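Step one of this worksheet: look at the structure below.
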Amino acid sequence: MTTDRLRQSMTTDRLRQSVTTDLLRRWETLILALLVGVVVWASLGVDGFANGSNISFLLLDTTEIALMALTMTLVIVAAEIDLSVASTLGLSCAVLGWLWNAGLPIEAIMPICLLVGAVCGAFNGLLVTRLGLPSLAVTIGTFALFRGLAYVILGDQAVADLPPAYTGLATASVGPVPLMTVLVAVLAALAAVVLHATGLGRSIFALGSNEEAAYFSGIRVKRIKFWLFVASGVMASLASLVYTFRYASARADNGVGLELAVVAAVLLGGVSIFGGRGTLPGVLMAVLLLGVVRNALILADVANEVLNFVTGLLLVASVLAPNLGAIWRRRTSPQMEGKSP
Amino acid sequence: MEDTPVLALSGVSKAFGAVRAVRDVSLELYAGEVHALAGENGAGKSTLVKILSGVHRPDTGQILLDGAPVEFAGPADAQQAGVAVIYQEPTLFPDLSVTENIFMGRQPRARLGIDRRAMRASAAELFTRLGVQLDPDQPARGLSIADQQLVEIAKALSRQARVLIMDEPTAALSGKEVARLFGVAKALREQGCALLFISHRLEEMFELCQRVTTLRDGAFVASDMIADITPDDLVRRMVGRELDALFPKQETTAGEVALSVRRLTREGVFTDVSFEVRRGEIVALAGLVGAGRSEVARAVFGIDRWDAGSVEVDGKRLRPASPTAAMAAGLALVPEDRRQQGLVMDLSIERNIGLAGLAALHRGPLISRLAERQRAKDWAVRLQLKFARLTDPVNVLSGGNQQKVVLAKWLARKPSVIIVDEPTRGIDVGTKAEVHRLLSELAGTGVAVLMISSELPEVLGMADRVLVMHEGRLVAEIDRADATEESVMAAATGRTAA
Ligand SMILES: Nc1ncnc2c1ncn2[C@@H]1O[C@H](COP(=O)(O)OP(=O)(O)OP(=O)(O)O)[C@@H](O)[C@H]1O
Ligand SMILES: [Mg+2]
């Protein structure tokens with residue numbers, strides 16, 4: 001009988017939650033609807049979209065963005081940002097190429113790359129938490145720094161003679177699903193559990209919303225932020241491995257500009273740029289949405305500029321939408337001012 | 001003097017979803033009169049203020065300005081109609097000067113840009129009119145809350161406000177500052193302003209106001225002339241029943257020393273502070289606002305570091321500057337500023353209650369939602385929290401109910417020492433009695449309670465011992481038997497009593 005009651009109270013609670021007019025939830029529904037809409041439109045209207053190999057390619061093509069978006073979600077929910085992820089990716093690629101040229105075995109190089117990512121993240125984290133600098137400024141700085149370092153290490157050469165065992169792995173599939181998508185799914189599940197079902201996740205939301213109150217509640221604000229940056233760096237270097245093997249080419253300019261795609265996906269997914277709000281499923285749907293849009297537009301032979309325009313439009317819409325109500329009210333109230341006595 | 005009211009509400013209602021915050025309330029504000037709005041936490045006072053100031057639109061009913069119906073589409077409309085509101089937390093621009101704040105958006109023009117001289121002169125004139133001394137050139141940052149409120153009042157005056165609404169202006173003021181504010185309010189009343197005043201302190205209403213309107217659960221109860229009723233009448237109108245004792249102090253026997261603070265010093269803030277709190281004891285830390293009481297509490301709890309001295313909980317020395325270590329040792333702090341420090345306003349009630357004890361909610365590596373909800377439910381019931389859903393963000397709760405959430409968050413940890421900083425600030429009489437009963441019960445179960453309070457009756461009514469601070473030093477320790485208003489105040493103002 002107890003279990004019965006329990007279940008009953010749980011369902012009513014869930015019912016209540018779904019009834020709440022929570023903007024975020026509605027936002028995710030919107031993104032999902034948009035995703036379904038775009039997929040249906042592309043399947044019907046774009047030649048070559050709705051076949052297995054294109055879908056596999058599309059999924060594979062979002063791997064790096066998806067990976068980095070996972071940790072970026074945590075970072076932005078904590079009211080920070082890491083704009084250096086794509087540069088960290090580039091630096092890690094450069095280190096990989098350099099060490100490969102130097103004759104190290106790839107199995108030794110990969111952990112070193114992850115370590116490079118960790119060090120990059122730790123550097124960001126230290127500047128933010130120890131010196132109290134805003135992460136926007138810090139990571140704009142390291143955005144240039146890490147990329148510059150990548151060029152110093154590898155110059156503009158491309159290291160391409162990578163072991164086929166690994167390049168093959170990066171593009172392999174299990175059935176119709178790319179192996180890398182499986183990797184993303186596993187890590188996404190992990191990140192979602194951390195963010196939504198652990199004390200650490202609760203703490204991240206709390207400190208992103210009100211750092212002082214979080215600190216007064218005994219949450220180790222600085223420590224958590226530091227490790228979030230480290231996680232972000234490690235994830236960027238993991239993405240660098242995928243990137244390098246997928247394109248079978250390690251270059252210093254690998255992944256230039258990806259940080260914007262990552263931030264775009266996270267914000268479009270409903271994460272508040274001010275911190276404290278957002279969900280991981282929302283972000284994953286947004287990553288897919290942006291991937292599908294890009295893929296469909298490329299297949300439809302739309303120019304690259306238009307592509308960027310559409311991505312930008314979606315992003316602006318996502319940042320604007322939650323505030324539209326307030327802006328509308330502000331715009332209309334001065335007009336009313338004249339009317340009343 | 002029953003002429004037309006300057007501003008009136010007639011049959012106004014406002015609901016937020018299922019919560020009917022204000023139901024069919026009428027209210028009349030007359031020129032030259034201070035009108036009090038009384039009611040328990042969540043009675044709908046602030047909501048009514050927001051209707052008068054154009055923030056909320058009433059669902060039904062009318063706003064009457066000089067007897068004629070008006071509609072306020074936003075705060076700008078209300079301002080234009082001469083309605084000014086002083087909120088509890090003033091909203092000045094910290095980097096602008098006092099003068100610039102007063103004239104924000106309406107700077108007098110000179111041929112080239114803004115006429116600073118004229119602006120400064122009229123600011124000075126406003127302060128003379130209010131009878132207060134403030135430097136017009138000082139930046140707003142660094143002003144005390146009391147001074148900031150005066151700047152807001154000057155701003156209202158400069159706009160020729162005819163109606164001045166003050167929502168709990170005295171909650172964070174010291175006795176002296178309250179007296180000054182009342183001086184200003186009385187002057188404005190003489191000058192023909194209509195004032196609306198909200199406070200949870202009965203004596204303030206009786207000192208300042210001529211008329212009082214009481215709300216209960218959003219509904220109108222009565223409107224009386226203050227001269228015709230007694231404080232007990234008013235309490236009965238607010239709570240709808242007879243109130244139990246306001247200070248239900250239980251006799252307890254003090255046990256072992258739970259908290260021991262020795263020679264604690266933080267340079268420039270407090271010096272050489274030593275005291276002990278025993279199990280089962282309620283010790284009050286009294287003093288004037290700014291004496292360093294909250295700062296001591298913050299240091300003990302590890303928010304700020306200390307320069308010298310030591311803190312022990314149950315005989316174990318605390319690591320400095322670590323709230324986590326303090327909590328692990330059994331310490332809890334209900335901070336002074338509940339909106340900034342006590343709560344994460346955007347998070348739900350249940351998440352806030354769970355926040356200080358996340359470890360206890362884990363089942364394996366994951367948080368148990370069931371445990372989280374159960375903990376919130378239990379404490380909400382125990383503290384008689386008024387809420388719609390546990391998943392609502394705490395910012396929709398009324399002030400007093402927010403305070404209960406902070407208490408719940410810390411009591412759920414079952415601390416052995418609890419420090420409460422102004423635990424009943426902004427809390428209505430009924431809830432105040434409840435909080436007092438709760439603290440008393442806690443002490444009864446062997447918890448050591450350190451209570452910082454600026455309200456003397458609370459200090460005298462609840463404390464087994466009173467510690468008094470003055471300018472960063474502990475200047476007196478007074479036993480319950482010897483504690484009187486005079487002895488505590490004498491020590492607090494630095495007149496060292498015998
Ligand atoms: N924006 C809102 N959304 C939902 N409920 C609200 C909102 N604002 C107020 N309420 C609810 O309306 C009721 C009245 O709240 P209000 O703030 O007016 O009380 P109050 O009398 O000012 O209390 P206090 O003395 O604690 O300040 C409360 O139950 C509160 O939770
Ligand atoms: Mg209120």
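The values are calculated or read from the model by the stated rules, or taken from the named source; none is laboratory data. Just so you know, these numbers come straight off a predicted model, no measurement behind them. Here the Cβ positions follow ideal geometry from the backbone for every residue, glycine too, while neighbour counts run over all protein chains shown. Only protein heavy atoms, including side chains, enter the accessible area calculation; ligands, DNA and RNA are left aside. Shrake-Rupley method; radii C 1.70, N 1.55, O 1.52, S 1.80 Å.
General remarks:
- Choice from A:A286, A:A94, A:A300 showing the highest fluctuation, given a GNM over chain A with Cα pairs closer than 10 Å: A:A300
- Residue-by-residue Karplus 3J(HN,Hα) for the range B:158-170, coefficients 6.51, -1.76, 1.60, Hz, glycine and proline x: 5, 8, 6, 5, 9, 10, 10, 10, 10, 8, 6, x, 8
- Using distinct alpha-carbon pairs, which all enter the 1/r mean, Kirkwood radius of the range B:257-492 in Å: 18.1
- Mean sequence separation of contacting Cα pairs (under 8 Å, at least six apart), scaled by the length of chain B, corresponds to a relative contact order of 16 percent.
- Exposure check, 1.4 Å probe, all protein chains in place: A:F57 carries approximately 100 Å² of accessible surface.
- Diffusion constant of chain A at 37 °C, which comes from Stokes-Einstein with the Kirkwood Cα-pair radius and 0.692 mPa s, µm²/s: 152
- Within the accessible area of the range A:27-103 (1.4 Å probe), percent carbon and sulfur: 71
- Nearest 10 degrees, 0 to 90: helix B:399-411 Cα axis against chain B principal axis: 10
- Degrees between helix A:258-268 axis and first principal axis of chain A (Cα, 0 to 90, nearest 10): 20
- Proximal lysines relative to B:K186, as straight alpha-carbon distance under 24 Å, when same-chain residues fewer than 8 apart are discounted: B:K45, B:K50, B:K155, B:K176
- The protein assembly as shown, Cα convex hull volume normalised per residue, Å³: 221
- Residues B:K316, B:K186, B:K176, ordered by accessible area of protein heavy atoms at a 1.4 angstrom probe radius and largest first, appear as B:K176, B:K316, B:K186.
- Normalised per residue, the accessible area of the protein assembly as shown is 44 Å², obtained with a 1.4 Å probe and no contribution from ligands, DNA or RNA.
- Taking a ≥ b ≥ c as the square roots of the eigenvalues of the Cα gyration tensor, the range A:210-289 is classed as oblate, since a/c reaches at least 1.5 and a/b does not exceed b/c.
- Nearest-20 debye value, the range B:257-492 charge dipole, Cβ charges on Lys, Arg, Asp, Glu: 1260
- Projecting the Cα atoms of A:C120, B:L215, B:G32 onto the charge dipole of the protein assembly as shown (Cβ charges, centred on the Cα centre) puts A:C120 farthest toward the positive pole.
- Look at the dipole of the range B:257-492 built from charges on Cβ: of B:G292, B:N401, B:W306, the Cα furthest out on the positive end belongs to B:N401.
- Remark: C-alpha extents of the range A:53-188 on the principal axes read 48, 36, 23 Å, sorted largest to smallest.
- Cα-Cα separations in chain B greater than 32 Å, expressed as whole percent: 46
- Dividing the summed -39500 (n - 2.57) terms of all DSSP H runs of n ≥ 4 by the residue count of chain B sets its mean residue ellipticity at 222 nm at -9500 deg cm²/dmol.
- Rule-of-thumb Rg ratio for the range B:200-244 [Cα; 2.2 N^0.38 Å; N residues]: 1.08
- The range B:367-498, accessible surface, carbon-and-sulfur percent (1.4 angstrom probe): 50
- Residues of the range B:29-77 whose accessible area (probe 1.4 Å, heavy atoms of protein chains only) drops by at least 20 Å² once all protein chains are present, relative to their chain alone: B:V70, B:A73, B:A76, B:D77.
- Extreme residue, positive dipole direction of the protein assembly as shown, given options B:A123, A:N54, B:V22 (C-beta unit charges): A:N54
- Amide H partners (placed H, <5 Å) of B:V85, local residues excluded: B:I165
- Chains A and B together, accessible area buried on both sides, 1.4 angstrom probe, square angstrom: 3000
- Net dipole in debye of the range B:371-428 [+1 Lys, Arg Cβ; -1 Asp, Glu Cβ; about Cα centre; nearest 20]: 260
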